[in-house]
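Contents: one structure, followed by commentary.
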Amino acid sequence: MNIITITLNPAFDIHYQMKDFSLYKENYADSVLIAAGGKGVNVSRALSNNYIDNTAYIVLGEENASDFISILKKDNLNYKVIYSKGRIRENITIHVPQVPETRISLDNFCLSPDILNQLLEELERVVGKNTIVSFAGRIPKGLSTDCVMNFLMELHNLGCLLVVDCNSFTMKDLLCIKPWLIKPNEQEIQTLISERIKTAEQARIAALKIHDMGIENVIISMGEKGAGAATADFSCIIETPYIKPVSTIGAGDSLIAGFIGAYSQGRDLEECLIDAISFGTAACLTEGTQPPRPEDVKRIRAEVCARYYR
């Protein structure tokens, strides 16, 4: 199967490593890491770094697109670019040992519906029944929710397996789009179904509830508590091995990469879920939003434990 990722709202991910951080004072960084990011790009990088072919379709602001493309080339990413007016945004993350990450996001990117139509025309040439399409990230300014929903439903009508990971949509929106897979996290699931989920078992029950509403595959990621999932064949709880995380940013994107990468290779749903959790956990062992390393994925995969309910 072919895999395509879509990123409407890319960003330069800038990560500062610091010994400590204090508000209202001058702070000094020990190092900086700059990556070409955005949720769809992160999915593509995780796939490519684990030898799974895919193509990233990315909308880039013309003002600083060349810098972004130079990083994509360095990462050996297979990509197609749609250019738009404006400037690619920046996400700045401050990493301090033993302290939760602090993130500052510049929300300045704006797209017109014409750009979305141009992207749809490009995708209509390559998307079909043998294609997995992953749409991830917030809807940028300039585009209405209805506009993006119509875009995704057009892709769905082409027969692809549609993955949606976007916190701009409500549960009602998702049921209209009918994605093949969604992956809300602990915070997002509360917004979607107005229930506070605290355990992997509660996540499993919530995933099953959403599956019964009409979404075929649901994974609710719970960080170090693992995940709850539901498919057409079973629901399950997946437990992750203990790790000491370096950075958790982008772990959810890698989780999606693990699932769709395994599925594209013809593996069964049980294996797809194990790979999903292995990719997501392994991503926490790399700096910034760097993709999971194959050796980490392999080691973690052997330690993941799943309980199935049929």
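The residues in the range 18-57 that are among the polar types (S, T, N, Q) and either assigned to a helix (DSSP H, G or I) or open to solvent by 70 Å² or more (accessible area, probe 1.4 Å) (or both) can be counted, and the count is 4. So how many residues does the range 66-86 have that are closer than 17 Å to Asn108 by Cα, open to solvent by 100 Å² or more (accessible area, probe 1.4 Å) and either small (Gly, Ala, Ser) or modelled with pLDDT of 95 or more (or both)? Number of matching residues: 1.
Of the residues Ser221, Ser247, the single one that is of a type outside the set (D, E, K, R), closer than 30 Å to Gly128 by Cβ and buried (at least 19 other Cβ atoms within 10 Å of the Cβ) is Ser221. The residue list Thr286, Thr248, Thr240 contains one member that is β-branched (Val, Ile, Thr), out of contact with any Cys (no Cβ under 6 Å at 6 or more places or on another chain), within 29 Å of Asn76 (Cα to Cα) and modelled with pLDDT under 95, which is Thr286. Of the numbered criteria (1) closer than 21 Å to Pro179 by Cβ; (2) not in a helix (DSSP H, G or I), the one His95 fails is (1). Against the numbered list (1) under 24 Å from Val133 (Cβ atoms); (2) open to solvent by less than 50 Å² (accessible area, probe 1.4 Å), Thr170 comes up short only at (2). Residues of the range 111-154 that are in a loop (DSSP other than H, G, I, E, B), open to solvent by 30 Å² or more (accessible area, probe 1.4 Å) and within 18 Å of Asn54 (Cβ to Cβ): Arg125, Val126, Lys129, Asn130.
Among residues of the range 93-104 that are open to solvent by 100 Å² or more (accessible area, probe 1.4 Å), those with a Cβ under 7 angstrom from a residue that is of a type in the set (Ser, Thr, Tyr) and assigned to a strand (DSSP E or B), sequence gap 6+ or separate chain, pair up as Arg103/Thr93. Of all residues in the range 205-213, one or more are touching a residue at least 12 places away in the same chain (Cβ under 8 Å), assigned to a helix (DSSP H, G or I) and closer than 27 Å to Leu285 by Cβ. I'm trying to understand the selection: among the residues of the range 224-236, which are within 18 Å of the chain's Cα centre (by Cα) and either surrounded by fewer than 15 Cβ atoms within 10 Å (Cβ to Cβ) or outside any loop (DSSP other than H, G, I, E, B) (or both)? Selection gives Glu224, Ala227, Gly228, Ala229. With respect to Gln202, is the statement that it is over 17 Å from Ala136 (Cβ atoms), modelled with pLDDT under 95, open to solvent by 40 Å² or more (accessible area, probe 1.4 Å) and part of a helix (DSSP H, G or I) true? Answer is no for this residue.
With respect to Glu239, is the statement that it is in contact (Cβ under 8 Å) with a residue 40 or more places away in the chain, open to solvent by 40 Å² or more (accessible area, probe 1.4 Å), touching a Gly at 6+ places or on another chain (Cβ under 7 Å) and closer than 27 Å to Pro291 by Cα true? The answer is yes for Glu239. Scan the range 155-186 for residues that are within 18 Å of Thr7 (Cβ to Cβ) and part of a helix (DSSP H, G or I) and jot them down. Selection gives Leu155, Ile177.
Please work out which residue is farthest from Gln202 (Cα to Cα), limiting yourself to the range 265-310 and to residues that are free of Cβ contacts under 8 Å to residues at least 24 places away in the same chain and not in a loop (DSSP other than H, G, I, E, B).
Glu295
Inclusion of Ser221 among residues that are among the polar types (S, T, N, Q), within 19 Å of Glu188 (Cα to Cα) and within 18 Å of the chain's Cα centre (by Cα) is warranted.
The values are calculated or read from the model by the stated rules, or taken from the named source; none is laboratory data. Predicted model, so just to flag it, every value in this text is computed and none were measured. Please note: Cβ atoms are built from the backbone with ideal geometry, for glycine as well, and neighbour counts cover all protein chains shown. SASA here: full protein model, heavy atoms, side chains in, ligands and nucleic acids out. Shrake-Rupley method; radii C 1.70, N 1.55, O 1.52, S 1.80 Å.
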